[in-house]
């Protein structure tokens, strides 16, 4: 009996953890997007999964600037680089990154109707994801993380497949190759 109870509790705990990701800001497998909180990628080189916690931005800042080998770039409050997807359509109110794309490129989410910025001069806003979360936009374009950027300052997503590019503080796409 104890063996069945232990297995049942383990299943219940796993179920609670997976359900918790729906409201706790972690990233989820390919068919879903993260819940409505400011999310950052997992801190491993593997794609995020339902049990990877995602830190929340400090001090309520959603966007700020940081120096990189490509000049000043837009990052979240933890210094994680943010990217544009060239397949997104400016001011469309939607993201072209769906399903499997979201595994490698989780969106920057916020709970605020007006994301807070430091040093960013482009127009900041939000769009609503299909799950009802708020994805941060810059100059009408959604912003994303890259899961292979595991620490502040990483810019490994720059130029991936010639469709992923960093944003500068004015909201322009940086299309130069990383040095």
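Hey, for a label at residue 161 modelled as a point 7 Å past Cα toward Cβ, could you say which residues of the range 68-87 have their backbone N under 13 Å away? Answer for the range 68-87: 85-87.
Of the peptides 86-96, 71-81, the ranking by mean beta-carbon count within 10 Å, highest at the top, reads 71-81, 86-96. The equivalent ellipsoid that matches the C-alpha gyration tensor of the range 86-164 spans semi-axes of 19, 16, 13 angstrom, in descending order. Using 1/(1 + (r/R0)^6) with R0 = 30 angstrom and r between the beta carbons of residue 175 and residue 99, what's the FRET efficiency to the nearest 0.05? The calculated FRET efficiency here is 0.70.
The protection proxy used here, the mean number of other Cβ atoms lying within 10 Å of each residue, ranks peptides 152-158, 113-119, 134-140 as follows, highest first: 134-140, 152-158, 113-119.
All of the numbers you see were taken from the coordinates with simple rules; none came from a lab. Just so it is clear, the structure is predicted and the values come from calculations on it, not from any experiment. Cβ atoms come from the backbone with ideal geometry, glycine included; neighbour counts cover every protein chain shown.
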